[in-house]
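Below is one structure; the comments refer to it alone.
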Amino acid sequence: MHGHGKMVGVMPTTALPVLPAEAVTPPTDVTVGGPVEALGGQGRGRAAMPPQHLADLDLAGRRAWLADLGHKAYRADQISRHYFGRLVRDPAAMTDIPGADRDRLAAAVLPPLLTQVRERTCDGGATRKSLWRLHDGSLVESVLMGYPDRVTVCVSSQAGCGMGCPFCATGQGGLRRNLSTAEIVDQVVRAAEVAASGVLSSGHGGGAGGTVPSRLSHVVFMGMGEPLANYARVVAAVRRLIAPPPEGLGLSARHLTVSTVGLVPAIHRLAEENLPVTLALSLHAPDDDLRDELVPINERWKVAEVLEAAWDYAARSGRRVSIEYALIRDVNDQPWRADLLGRLLAGKLAHVNLIPLNPTPGSRWDASTKPVEREFVRRLRAAGVATTVRDTRGREIDGACGQLAASEPTRSSYSLAGQGPARGVGSVIDTGASVAQTRSLVQDPVGRTGRLVQSGWADSRGPGGKAKR
Ligand code: SAH
Ligand code: SF4
């Protein structure tokens, strides 16, 4: 659960502008989980936006801000080059800035946003999940994954999520607050630092693993939260990630994936931004009866409507949409549903990414069996639909899709799968004190077939939980 009721680590906000809190309201007006105040188990104490950080602004905005603070405007370029270009945050290393200015400057525009509470690794060192405490005590997670040809980070866009999908651990705790642009960007910058340090392995070879590029290349918005419910900040974060240094990190837009539960107006709006990012649509059922249950926002925007929005995105961006489908045993894995999905997608600019359901605390659902999964894949392919099965990277550290819930490591670990109270479908808002726990589904959207290297984390799971497999 978030925050354990204490306001931990509140930053001194000396003269630092605090980002406006009204932006916490999703522009799409679709908070299923209700207002933060209603979330009994979510964090007593008000969720507050962090102080402004240079990554919240574009370069022109940073120059104006520094000029207002009495600095030379070009200091914005210098400090931005350190942060984005060299991944340096320590003022002592910014030797091109006069010593007297450095600390004052860094304190003003680089307030620490993410305090690492814990880092866990698995897959032979190829997967690293970080738990971060934000300035107001909110907790979020990000997951870094090394492959032979790429380095991917899965980032959170909100602390919690208000969408209430019953199979997703994040959805069980409700929404605490939106993350600021810089809180999102900083997860990527911190991941890039780790990648540059060379500690990641690709997980190949069953242990110490093969080599991995030292440059972070891919970002997926598949951590905690619904990115399009925090629309403006997520789009600004995408712009920062794409802009070349010193304005931003200089990643390729084609290497970014924004995953959405299906907020139709926001999908259309994103299509108009002309950012060639990949859109992932979490469909999970081809029929409204079942999708209403699995993805509650479907009661607002139906399957036909959300697919129309996806095709609009594909047409305008020229990018193939990734249709995410978590296979849940005896729930959405029937052959007829595969056939129906195949008919909906045939001939469209889309591919299906099947996700073996990851275990979440208290859930009564399980992954489909392998034969059923294979038959599902076969039928989709027979319908002419490109289909992959996503790997289960991070599953043993609850760093896999839908397992991110960001709990404090107050017990033997922060992987508390199996220890949370049971809850059924529709029980979206947790009011118990011990809810919650980890979740985060994070994976590479490209769908590699799973290679899970046991790393000794499995013993941190609670007894008797469904999480054990
Ligand atoms: N809110 C966004 C992005 C974060 S969730 C969305 O829903 O798309 C990232 C992905 O993980 C989504 O496709 C989501 O449906 C999936 N997911 C959530 N819980 C899961 C679970 N327990 N097992 C497998 N996938 C899950
Ligand atoms: Fe939110 Fe995505 Fe989880 Fe649904 S699956 S509750 S939208 S994070």
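Name the residue, out of THR127, THR152, THR115, THR121, that is under 23 Å from PRO359 (Cβ atoms), at pLDDT 95 or above and away from ligand 2 (no atom under 16 Å from the Cβ). If you could, list the steps in order and put the result at the bottom.
Working: THR127 fails: at pLDDT 95 or above; THR115 fails: under 23 Å from PRO359 (Cβ atoms); THR121 fails: at pLDDT 95 or above.
Exactly one of THR127, THR152, THR115, THR121 is under 23 Å from PRO359 (Cβ atoms), at pLDDT 95 or above and away from ligand 2 (no atom under 16 Å from the Cβ), namely THR152.
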Subject >> Elements of type helices (runs of 4 or more DSSP H) in segment 194-311, at least 2 residues being within 12 Å of ligand 1 (Cβ to nearest atom) and of a type outside the set (Val, Ile, Thr) >> reply: 288-294
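Look at ALA315 and say whether it is of a type outside the set (Lys, Arg) and in a helix (DSSP H, G or I). Steps first, please.
Details: of a type outside the set (Lys, Arg): yes; in a helix (DSSP H, G or I): yes.
When the stated conditions are applied, ALA315 passes them.
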**OP:** With respect to GLU226, determine if the residue is within 15 Å of ligand 2 (Cβ to nearest atom) and at pLDDT 95 or above.
**Re:** yes
Subject >> Sole residue being more than 16 Å from ligand 2 (Cβ to nearest atom) and not polar (S, T, N, Q), chosen from LEU134, LEU179, LEU139, LEU175 >> reply: LEU134
Original post:
Are any residues in segment 225-248 closer than 22 Å to HIS82 by Cα, among the hydrophobic types (A, V, I, L, M, F, W, C) and surrounded by 22 or more Cβ atoms within 10 Å (Cβ to Cβ), and if so, which ones?
Top reply: ALA237, VAL238, LEU241
**OP:** Would you tally the residues in segment 285-306 being touching a strand residue (DSSP E or B) at 6+ places or on another chain (Cβ under 8 Å) and farther than 18 Å from VAL331 by Cα?
**Re:** 1
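Can you find a residue that is over 25 Å from CYS154 (Cβ atoms) and small (Gly, Ala, Ser) anywhere in segment 280-296? Can you show your working first?
From segment 280-296, those over 25 Å from CYS154 (Cβ atoms) are 286-290, 292-293; that's our starting set.
Narrowing the set further to residues that are small (Gly, Ala, Ser) leaves none.
The answer is no, given that none of the residues of segment 280-296 is over 25 Å from CYS154 (Cβ atoms) and small (Gly, Ala, Ser).
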Original post:
Can you name the condition, by its number, that GLN172 falls short on among (1) assigned to a helix (DSSP H, G or I); (2) surrounded by fewer than 24 Cβ atoms within 10 Å (Cβ to Cβ)?
Top reply: (2)
Subject >> Contacts under 7 angstrom Cβ, first residue in segment 293-306 being over 15 Å from ALA326 (Cβ atoms), partner assigned to a helix (DSSP H, G or I) and not small (Gly, Ala, Ser), 6 or more apart >> reply: GLU299/ASP292; TRP301/VAL264; LYS302/ASP288; VAL303/ASP288; VAL303/ARG291; GLU305/VAL264; VAL306/VAL264
**OP:** Starting from residues that are modelled with pLDDT of 95 or more and among the β-branched types (Val, Ile, Thr), keep the ones in segment 188-206 and report whichever is farthest from ARG128 (Cα to Cα).
**Re:** VAL189
**OP:** Inspect segment 58-78 for any residue being of a type outside the set (A, V, I, L, M), at pLDDT 95 or above, within 22 Å of the chain's Cα centre (by Cα) and not assigned by TED's automatic domain parsing to the domain that holds ARG240 and give the result as yes or no.
**Re:** no
Original post:
Restricting attention to segment 350-369, which residues are in contact with a Gly (Cβ under 8 Å, 6 or more places away or on another chain) and over 15 Å from GLU324 (Cβ atoms)?
Top reply: PRO359, THR360, PRO361, GLY362, ARG364
Original post:
Out of segment 287-307, which residues are closer than 21 Å to VAL258 by Cα, more than 13 Å from ligand 2 (Cβ to nearest atom) and not hydrophobic (A, V, I, L, M, F, W, C)?
Top reply: LYS302, GLU305
Original post:
Do you know which of the residues in segment 330-347 that are surrounded by fewer than 17 Cβ atoms within 10 Å (Cβ to Cβ) and closer than 15 Å to ALA310 by Cβ is farthest from ligand 2 (Cβ to nearest atom)?
Top reply: GLY347
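In segment 149-166, which residues are over 18 Å from VAL189 (Cβ atoms) and surrounded by 24 or more Cβ atoms within 10 Å (Cβ to Cβ)?
In the first step, residues of segment 149-166 are kept if they are over 18 Å from VAL189 (Cβ atoms); the result is 149, 158-166.
Correct list: GLN158, ALA159, GLY160, CYS161, GLY162, MET163, GLY164, CYS165.
For segment 246-284, give me each residue that is within 15 Å of ligand 2 (Cβ to nearest atom) and out of contact with any strand residue (DSSP E or B) (no Cβ under 8 Å at 6 or more places or on another chain). So that I can check it myself, show each step before the final result.
If we filter segment 246-284 for residues that are within 15 Å of ligand 2 (Cβ to nearest atom), which is where we start, we get 257-264, 266-267, 279-284.
The answer is LEU263, VAL264.
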Subject >> Which numbered condition SER138 fails, given (1) of a type in the set (Ser, Thr, Tyr); (2) over 30 Å from ARG364 (Cα atoms); (3) in contact with a His (Cβ under 9 Å, 6 or more places away or on another chain) >> reply: (2)
**OP:** Scan segment 362-390 for residues that are polar (S, T, N, Q) and within 12 Å of ligand 1 (Cβ to nearest atom) and jot them down.
**Re:** SER363, SER368
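The values are calculated or read from the model by the stated rules, or taken from the named source; none is laboratory data. Keep in mind that this is a model prediction, so the values were computed, not measured. So basically every Cβ, Gly included, is an ideal-geometry build from the backbone, and we count neighbours across all protein chains shown.
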